[in-house]
Amino acid sequence: MDARVRVAHAEQPKAQVIGFIPRFDQREQQHTKAAVGALGETVQKRWTSESVDPFRRVFYPENRPFNSPLRSLLAVADGPLNPKKVPVKDPAKMAAHIKEVAKFFGAHLVGVCELQPHHVYSHRGLRIDARKGRWGEPIEIAHKYAISIAHEMNYERLRYSPSFIDGAEVGFGYLVSATIATSLACYIRELGHPAMAHFHVSERVLHVPIAVAAGLGELGRNNCLIVKDIGPRLRLATVTTDLPLAVDHPIDLGVQALCSECNKCAALCPSQCLAKGEKQVERGYAHWVADNDKCITYWNANRDRWNDCARCITVCPLNKPNRWWHRFAMSLITKGRLARKLLLKIDEMFWDKRFHLHGGKGWLMYDRTTSAKKFPEGQIHPNA
């Protein structure tokens, strides 16, 4: 089904399709550009050096990949099929079943869409691809469907951004979403149908466009997926498959309208990489275009205190605990501009940045100012 037809199901689709959307080369992804020196030698050295934080080393396979659980999941991202193939008479029932299975494995939200060519990277460009000799290889996926999986991240830990606390939460989110995706792919293959999991160190697809097409949420000004109950506070993974499934459609939560009137993420971004003005047309669709090079450069700015940044998630007015009053507020966004203005004013009055950016008691051995310079040998460790 054509992407423009699917988008028409939403009154204000999260990203307006203008024309043909070309496939994106993974070698142009911001993390890759930092790693290969495309953003300069200083950024490259910082990005490729071993982190001073043990959590970072656990969640991202680097010098000792067998100390990272994500490394072990690579072995089950794809695999053999049960020769006894389960017939599918009702794709709608099967889709409902698969969603329940995904939630059993730990998913917060699940949706299904048809896999489009622009959902798939054109060429391999992860650092693991360079190590495995696959750098620049064309990517082709013949699967018909994509299952989008969202995992909710912890509200309190993200409020410390940027620090090692929110960095650990994001890394844990990658691990959990990868575990859910690989478990679901294995389950589908045991039904006798091909399925491949795509996650942080083994991804050939673009998760956010798939999540939007699958009806999980909308793309916000911060270039994050925003869903109705937890805002942008989530990590995504994807399973591609040929298992016959009924598809979902894009939804209108009012996010596009709210983001058009709200600049909070852009105003409070430490790197000032987010667009404060109107949408622009880029690669065939209209959205708020961010300066990703500037974003990743800030991630590298102080490796003694942080490895990344989630400030645009943290300060978003839609990033709230999943409580009845937040769900009620979300329901008002589509009621008109006056309701949106009122909600933004309330957010400014009662949920200003001092509430979003936590500087309190900290977590485990960390607080928001934890620096490796205060530890022997420049390595963070428990004082035990």
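The values are calculated or read from the model by the stated rules, or taken from the named source; none is laboratory data. Every value quoted in this text rests on a predicted model; they were computed, and no experiment measured them. Don't worry about glycine lacking a Cβ; one is built from the backbone with ideal geometry, like all the others, and counts go over all protein chains shown.
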- Query: Somewhere in region 299-310, is a residue part of a helix (DSSP H, G or I), surrounded by 14 or more Cβ atoms within 10 Å (Cβ to Cβ) and either of a type outside the set (Phe, Trp, Tyr) or in contact with a Gly (Cβ under 9 Å, 6 or more places away or on another chain) (or both)?
  - Reply: no
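For every residue, the table says whether it meets (1) assigned to a loop (DSSP other than H, G, I, E, B); (2) at negative phi; (3) surrounded by 16 or more Cβ atoms within 10 Å (Cβ to Cβ).
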{"position": "Arg340", "(1), (2), (3)": "no, yes, yes"}
{"position": "Asp347", "(1), (2), (3)": "no, yes, yes"}
{"position": "Gly359", "(1), (2), (3)": "yes, yes, no"}
{"position": "Thr370", "(1), (2), (3)": "yes, yes, yes"}
{"position": "Lys373", "(1), (2), (3)": "no, yes, no"}
{"position": "His381", "(1), (2), (3)": "yes, yes, no"}
- Test Ala286 against the criterion of being of a type in the set (Gly, Ala, Ser), surrounded by fewer than 20 Cβ atoms within 10 Å (Cβ to Cβ) and free of Cβ contacts under 8 Å to residues at least 40 places away in the same chain, and give yes or no. no
- Query: So which strands (runs of 3 or more DSSP E) stay within region 187-292 end to end and still have 2 or more residues that are more than 30 Å from Ala38 (Cα to Cα)?
  - Reply: 195-198, 234-241
- Run Phe355 past the list (1) part of a strand (DSSP E or B); (2) closer than 29 Å to Phe164 by Cβ; (3) of a type in the set (A, V, I, L, M, F, W, C) and report the number of the one that doesn't hold. (1)
- Exactly one condition in (1) outside any helix (DSSP H, G or I); (2) in contact (Cβ under 8 Å) with a residue 60 or more places away in the chain; (3) within 30 Å of Asp308 (Cα to Cα) is not met by Asn63; state its number. (2)
- Item | Filter result (assigned to a loop (DSSP other than H, G, I, E, B) and within 17 Å of Asp229 (Cα to Cα)) within region 151-167 | Met153, Asn154
- Select, from Met330, Met365, Met349, the only residue that is of a type in the set (A, V, I, L, M, F, W, C) and under 22 Å from the mean Cα position of the chain (by Cα). Met330
- Task: Among the residues of region 96-132, write down those that are at pLDDT 95 or above, in a helix (DSSP H, G or I) and β-branched (Val, Ile, Thr).
- Result: Ile98, Val101
- Item | When residues of region 212-268 are limited to those that are hydroxyl-bearing (Ser, Thr, Tyr) and at pLDDT 95 or above, the one surrounded by the most Cβ atoms within 10 Å (Cβ to Cβ) | Thr238
- Item | Residues satisfying the stated conditions in region 31-60, i.e. within 20 Å of the chain's Cα centre (by Cα) and either part of a loop (DSSP other than H, G, I, E, B) or of a type in the set (Ser, Thr, Tyr) (or both) | Thr32, Tyr60
- Query: In region 55-74, is there at least one residue being out of contact with any Leu (no Cβ under 7 Å at 6 or more places or on another chain), within 30 Å of Pro250 (Cβ to Cβ) and either modelled with pLDDT under 95 or buried (at least 16 other Cβ atoms within 10 Å of the Cβ) (or both)?
  - Reply: yes
- Task: Give the residue that is modelled with the lowest pLDDT, with candidates limited to residues of region 133-149 that are among the small types (Gly, Ala, Ser) and touching a strand residue (DSSP E or B) at 6+ places or on another chain (Cβ under 6 Å).
- Result: Gly136
- Query: Out of (1) surrounded by fewer than 15 Cβ atoms within 10 Å (Cβ to Cβ); (2) part of a helix (DSSP H, G or I); (3) touching a helix residue (DSSP H, G or I) at 6+ places or on another chain (Cβ under 9 Å), the odd one out for Lys93 is which?
  - Reply: (3)
- Query: Can Ser148 be described as surrounded by 21 or more Cβ atoms within 10 Å (Cβ to Cβ), in a strand (DSSP E or B) and hydroxyl-bearing (Ser, Thr, Tyr)?
  - Reply: yes
